[in-house]
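Worksheet for the structure shown next.
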Amino acid sequence: MIGAGGGATGLGAILVEVLQGLLALLLAPGIVGLVRFIKARLQGRRGAPPWQPYRELAKLFGKEMVVSRNASWIFGVAPYVVFASTLAVALLVPMLAAPLPIDRAGDLIVVVYLLLLGTFAIGLAGLDPGSAFGGMGSSRALTIAALAEPTIALAVFALAVPAGSTNLGRIVARAIEDPGGALSPGHLMALAALFIVMLAEAGRLPVDNPATHLELTMIHEAMILEYSGRSLALLEWAAFLKFFVFLSLLANLGLPWGVALNPGASAVLVAAAILIVKVALLAAAVAVLETRLAKLRLFRVPELLSVSFLLALLAITSSFLVE
Amino acid sequence: MSVEIFTTVMTLASSLVLLAGIAILWRRSLPAYIHAFARQSFFIVVAVLVLAARERDRELVLVALLMFALKVVFMPAALRRVQRHVGADADVRPYVNTPVSLAIAGILTLVAYAVAQPVVALSHLPTRGGMPLALASVFVGLFIVASRRSALSQIVGFLVMENGIALLAVLATYGVPLIVELGVFLDVLLGFLVMQVFVYRIRDAFETTDVDRLRSLRH
Amino acid sequence: MLLIPLLGSPLLAAALSWLVRPYRRWVGIASASLSVATFVIAILLARRCLDGAAIVLGPMEFLRADSLSAVFALLVAGGACVSTVFGRSYLDRERSDGRLGEDRLRRFHALTNVFIFTMLLAVTAHNVGIMWVAVEATTIATAFLIGLERSEGAIEASWKYILIGSIGIALAFVGTVLGYFDFVARVGPTDGALNWSVLVRVADRLDPDIMRLSFVFVLIGYGTKAGLAPMHTWLPDAHSEAPAPISAMMSGALLPVALYAVLRWKAVTDACVGDGFTDHMLMIIGALSVAVAAALLVRQAHYKRMLAYSSVEHVGLACLGFGFGPAGLPAALLHLLSHAAAKSTVFLLSGEILHRYRTTRVSGVSGLLKTMPLAGGLFLAGILGLLGLPPFGLFLSEFLLIRAGFAAGYPRLTGFVLLMVLLIFISLLGHVSRMLYGSPPEAIHRGDLPAARYVPIALSLAILVILGLVIPGPLASLLRSAVEVVYG
């Protein structure tokens, strides 16, 4: 791997990281709230205000936890694993500046594995109390993850080929330096593949309906059905965070402009502002998409994921073979 | 227009052409097939127009206009009309399920890259990057014909294949000589019309357009 | 100037048939006479091309006929002549039976003549792109002709034919585009870049890899139209369901026209690539076709399908001849000529048999020699000719083919093909003897058409016999110069 270059060293860089982590944690519920709000408006409802998720989280943190008698220690640990792994991903993804020293700690492959770790933990947690819905949700979620993971790996690799590095910071930096490359079909197809995978992994329509508790269709909600109180809050927050991370990753890979190439205070603040705009726009796009799409029947989900796999495959062939 | 941007635009258009062809493998109704075909044709028209603008070539503008009239407007409309008349067979019932179809499309694309490799190596044109994609559309069209049962979806597959060839000609040689191009248009149009007539005849004789039912001659 | 009447007379006949409404009997007679005229012109054309001269016409030498074109023009015009003249009996009968209305008769005549025109255009076009357009147009013209009877079988056959044919021909266009691309990339865009005489002339400057690729597409594409295995699946259906005169023309003339297109590209590819690449491809696909035909003929229960598979065999043999080098080519051309004479005969007579016995099954036909002594006798002669017995033309051409195969250094392949031909001989003879002998079914009406009606068939059998005894001097020199066209 090519090490992270640039002048981002020392205290400044650490500050950028801290800022990024805080930003992600604080904004994530708001973005999900925004999606819900826009969706409600598009569907002709008034809808809860965008800051409703913050209220929910606050309420949940204040509530008592009820744990099933059948649950083992896994049930208790899982929310922390999920939250920690998602937060780690949030730190590794270049949101405000690129490249960063922390890039040395992990590249895209690490990101992929951290995401998988979270999925795995929540899948186990869904199985653990032995309730019917939890098991069903876990089985569905893990099926989807098994189909989505190879796509992420391929798409990421397609993006890594032109940059000559699997380092996310490098890839984003390279995209800023070579704007023409951002229009290349390989790049676009890889992004499209990632977008589909994002919908699947973040449990959005048309794969999963985050607003339903209808037993036949729910996936993510089924897994966390047994949780309450602080654990539920952590899991919800992690889910918000995951969505936010995916959106900002897509935003920065697709439209890298605005990401600071050196971690100066003003540049980073500008970058933060631009990031919020980009993510909000993408969130709005997701909302529009979700109002236009019905949830796919479950057996169509593998088909959708094979579309994204194919896109990633095409992306990698056109990145590799047209050099 | 700089060469880099021209290259990118042409390669992008070729990818969209291929993706529109692949979209058919994922869609499940004839109207969606027809729509994907119209969209694919439209991307080719755009590619031809971009090329015509760059080369200042009047013949290519004519080709693009003809293609627009024929493949974006007329043929989709005619197909929709036939589909409405033939009725119930809007469902396309492929022989191969969607994930496998998509996997095959991926393999076909890889094959197209392998086959087109000497062609790309020889070409000096900035459009050469799109040639494997055009060839892949030809293969995907062929696969659609082979894997679909309804006579109408086979026609769409044939047209997708035809589109791939048209794109290949544009990318590889900036268009074949006009006289040949016109002859090709005429043939495609006539062939299309004949096929359309036979869809009606198949429906009248067999009361379905499922060509799987056409098996009286297998001996 | 011969090219104008050659292409003009079928076009005139087509226009007449289309414009005169309602259908009049004299239109059929005019159409048949014009096809005789076309044949005469084709003979004149062949005479002009004997010594390797080429006739050109039009801007940028739009049309160009040399000795190779002349061989195929002879074959097309001859097959068309026999089929349309004898086909009048077929049409008169279908009309009096009330099976063909005025409107369909009109369409039949118009499309048949368009079909003949497109075949002649394919063999005289100078531009390989136009050649492609003409071959594709044959598909469109014949689709309706196959489906003329509108039975379920006919519709099924035409659907398969038009779909598979169009796809094959589309692949041939990929090959054409690749060839043109090679030319433009290596030589630069010039006028007449797709003219085959130009392509052959600059072939040594073309890129061999691309030409190989191009030839593969061309062979698969036009091979589909030629009915070569494994792309032959449409052929037995189409040839067995089409009206007899159309089957006769499709088998005798159309299949060779598709091979003509392959030959033109072979000349270019050989001049560029140099080694035996095209020869090997042609030999493989030819031997495969013969083997597939042999396998499917053993238990063939329908006589028209039997004749169709026999076409696959003979096209395969011709393909092998193309692969056997300069000695194989004239044998293959001769083979195609003899095959056209023999196959039109038997296909036309099979229409008579079908009409009399009302079945396409071999088992439903017996005592043919008793019910229709004249037609049955001619049918037997045609079949014996197809089987390659002396004194018929196919005996001589197959002998020359086999000799060329051994001489070219492929004893095992040639031996295998010989074995397959023997197998076909046995099974075909078995099927046919069941049809010819035995006692005819009770209800069958006995008697032939008036003897004069059989004249065209007898003439084509006479040609077949002449070709079996001796290769006439002018034909020999025509074939020699055709070899020069392909091998330079």
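The values are calculated or read from the model by the stated rules, or taken from the named source; none is laboratory data. Note that the structure is predicted; figures quoted are calculated from it, not measured. Cβ sites come from the backbone with ideal geometry, for glycine too, and all protein chains shown count toward neighbours.
Checking the structure you have, find out if any residue of segment C:314-328 is surrounded by fewer than 24 Cβ atoms within 10 Å (Cβ to Cβ) and outside any helix (DSSP H, G or I). No, every residue in segment C:314-328 fails to be surrounded by fewer than 24 Cβ atoms within 10 Å (Cβ to Cβ) and outside any helix (DSSP H, G or I).
Any residue at all in segment B:174-188 that's touching a residue at least 24 places away in the same chain (Cβ under 8 Å), within 8 Å of chain C (Cβ to nearest Cβ) and in a helix (DSSP H, G or I)? No, segment B:174-188 contains no residue that is touching a residue at least 24 places away in the same chain (Cβ under 8 Å), within 8 Å of chain C (Cβ to nearest Cβ) and in a helix (DSSP H, G or I).
If you check C:Tyr180 against the conditions, is it aromatic (Phe, Trp, Tyr) and more than 8 Å from chain B (Cβ to nearest Cβ)? Walk me through how you get there before you give the answer.
Working: aromatic (Phe, Trp, Tyr): yes; more than 8 Å from chain B (Cβ to nearest Cβ): no.
It is false that C:Tyr180 is aromatic (Phe, Trp, Tyr) and more than 8 Å from chain B (Cβ to nearest Cβ).
Taken together, the residues in segment A:51-82 that are at pLDDT 85 or above, in contact with a helix residue (DSSP H, G or I) (Cβ under 6 Å, 6 or more places away or on another chain) and within 17 Å of A:Ala121 (Cβ to Cβ) amount to 4. Beta carbons closer than 8 Å, at least 6 apart along the sequence or on distinct chains, pair a first residue in segment A:67-88 that is under 15 Å from A:Ala239 (Cβ atoms) with a second that is part of a loop (DSSP other than H, G, I, E, B) for A:Ala78/A:Asp128; A:Pro79/A:Tyr227.
Condition check ((1) loosely packed, with under 13 Cβ neighbours inside 10 Å; (2) in a helix (DSSP H, G or I); (3) not β-branched (Val, Ile, Thr)) across all residues:
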| site | (1), (2), (3) |
| --- | --- |
| C:Leu413 | no, yes, yes |
| C:Leu423 | no, yes, yes |
| C:Pro440 | no, no, yes |
| C:Ala458 | no, yes, yes |
| C:Ile463 | no, yes, no |
| C:Gly468 | no, yes, yes |
| C:Leu478 | no, yes, yes |
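Taking each residue of segment B:1-23 that is closer than 18 Å to B:Gly106 by Cα and looking for partners that are of a type in the set (Phe, Trp, Tyr) and surrounded by fewer than 20 Cβ atoms within 10 Å (Cβ to Cβ) with beta-carbon atoms closer than 6 Å, six or more apart or interchain, yields nothing.
Scan segment B:193-219 for residues that are modelled with pLDDT of 80 or more, within 9 Å of chain C (Cβ to nearest Cβ) and under 25 Å from C:Ala170 (Cβ atoms) and the total you get is 8.
Applying a threshold of 8 Å to beta carbon distances and a minimum spacing of six or more residues, or different chains, the list of pairs starting in segment C:205-228 at a residue that is in contact (Cβ under 8 Å) with a residue 12 or more places away in the chain and ending at one that is among the acidic types (Asp, Glu) and assigned to a helix (DSSP H, G or I) reads C:Leu206/C:Asp182; C:Asp207/C:Asp182; C:Ile210/C:Asp182; C:Met211/C:Asp182; C:Ser214/C:Asp182. The set of residues in segment C:102-132 being of a type in the set (A, V, I, L, M), within 13 Å of chain B (Cβ to nearest Cβ), farther than 21 Å from B:Arg201 by Cα and in a helix (DSSP H, G or I) consists of C:Val114, C:Leu121, C:Ala122, C:Val128, C:Ile130, C:Met131. Screening B:Ser137 with (1) more than 10 Å from every other protein chain (Cβ to nearest Cβ); (2) free of Cβ contacts under 8 Å to residues at least 60 places away in the same chain gives one miss only, at (2).
Among the residues of segment A:133-154, those that are aliphatic (A, V, I, L, M) and closer than 17 Å to A:Phe246 by Cβ comprise A:Ala141, A:Ile144, A:Ala145, A:Leu147, A:Ala148, A:Ile152, A:Ala153, A:Leu154.
In segment C:139-159, of all residues being surrounded by fewer than 23 Cβ atoms within 10 Å (Cβ to Cβ), assigned to a helix (DSSP H, G or I) and not aliphatic (A, V, I, L, M), the one that is farthest from the other protein chains (Cβ to nearest Cβ) corresponds to C:Glu149.
The sole residue among C:Val56, C:Val135, C:Val40 that is out of contact with any Gly (no Cβ under 8 Å at 6 or more places or on another chain), in contact (Cβ under 8 Å) with a residue 40 or more places away in the chain and assigned to a helix (DSSP H, G or I) is C:Val135.
With the structure loaded, tell me whether C:Pro373 is within 23 Å of C:Gly316 (Cα to Cα), surrounded by fewer than 21 Cβ atoms within 10 Å (Cβ to Cβ), of a type outside the set (Phe, Trp, Tyr) and touching a residue at least 40 places away in the same chain (Cβ under 8 Å) or whether it fails that test. Can you show your working first?
Values: within 23 Å of C:Gly316 (Cα to Cα): no; surrounded by fewer than 21 Cβ atoms within 10 Å (Cβ to Cβ): yes; of a type outside the set (Phe, Trp, Tyr): yes; touching a residue at least 40 places away in the same chain (Cβ under 8 Å): yes.
Judged against the criteria, C:Pro373 is not a match.
Between B:Leu167, B:Leu171, which is hydrophobic (A, V, I, L, M, F, W, C), within 13 Å of the chain's Cα centre (by Cα) and surrounded by 23 or more Cβ atoms within 10 Å (Cβ to Cβ)?
On the way: B:Leu171 fails: within 13 Å of the chain's Cα centre (by Cα).
Going through B:Leu167, B:Leu171 in turn, just one is hydrophobic (A, V, I, L, M, F, W, C), within 13 Å of the chain's Cα centre (by Cα) and surrounded by 23 or more Cβ atoms within 10 Å (Cβ to Cβ): B:Leu167.
Please work out if C:Ile41 is touching a strand residue (DSSP E or B) at 6+ places or on another chain (Cβ under 6 Å) and under 27 Å from C:Asn195 (Cα atoms).
Details: touching a strand residue (DSSP E or B) at 6+ places or on another chain (Cβ under 6 Å): no; under 27 Å from C:Asn195 (Cα atoms): yes.
No.
The single condition among (1) out of contact with any Pro (no Cβ under 6 Å at 6 or more places or on another chain); (2) of a type outside the set (S, T, N, Q); (3) crowded, with 19+ Cβ neighbours inside 10 Å; (4) within 23 Å of B:Met195 (Cα to Cα) that B:Ile34 does not satisfy is (1).
Results for (1) free of Cβ contacts under 8 Å to residues at least 60 places away in the same chain; (2) touching a Phe, Trp or Tyr at 6+ places or on another chain (Cβ under 9 Å); (3) surrounded by 22 or more Cβ atoms within 10 Å (Cβ to Cβ), shown as yes or no for each residue.
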| residue | (1), (2), (3) |
| --- | --- |
| A:Ser139 | yes, no, no |
| A:Val156 | yes, no, yes |
| A:Val172 | no, no, yes |
| A:Glu177 | yes, no, no |
| A:Pro185 | no, no, yes |
| A:Ala193 | no, yes, yes |
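A quick yes/no check of all residues on (1) surrounded by 20 or more Cβ atoms within 10 Å (Cβ to Cβ); (2) out of contact with any helix residue (DSSP H, G or I) (no Cβ under 9 Å at 6 or more places or on another chain); (3) within 14 Å of another protein chain (Cβ to nearest Cβ); (4) touching a residue at least 12 places away in the same chain (Cβ under 8 Å):
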site	(1), (2), (3), (4)
A:Leu253	yes, no, no, yes
A:Val270	no, yes, no, yes
A:Lys278	yes, no, no, yes
A:Ala283	yes, no, no, yes
A:Ser308	yes, no, yes, yes
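Would you point out which residue out of B:Ala20, B:Ala47, B:Ala53, B:Ala36 is more than 14 Å from every other protein chain (Cβ to nearest Cβ) and among the small types (Gly, Ala, Ser)?
B:Ala53
Within the option set B:Val82, B:Val96, B:Val63, being in contact with a Phe, Trp or Tyr (Cβ under 9 Å, 6 or more places away or on another chain), part of a helix (DSSP H, G or I) and either within 14 Å of chain A (Cβ to nearest Cβ) or within 27 Å of B:Arg201 (Cα to Cα) (or both) holds for one residue only, B:Val82.
For segment B:145-157, a tally of residues being assigned to a helix (DSSP H, G or I) and buried (at least 24 other Cβ atoms within 10 Å of the Cβ) returns 6. Only helices (runs of 4 or more DSSP H) whose full extent lies in segment C:160-260 are considered here, and the ones with at least 2 residues that are aromatic (Phe, Trp, Tyr) and within 28 Å of B:Thr173 (Cβ to Cβ) are C:208-226.
Of the set (1) polar (S, T, N, Q); (2) at the interface with another protein chain (Cβ under 9 Å from one of its Cβ atoms); (3) within 13 Å of the chain's Cα centre (by Cα), all apply to B:Gln117 but (3).
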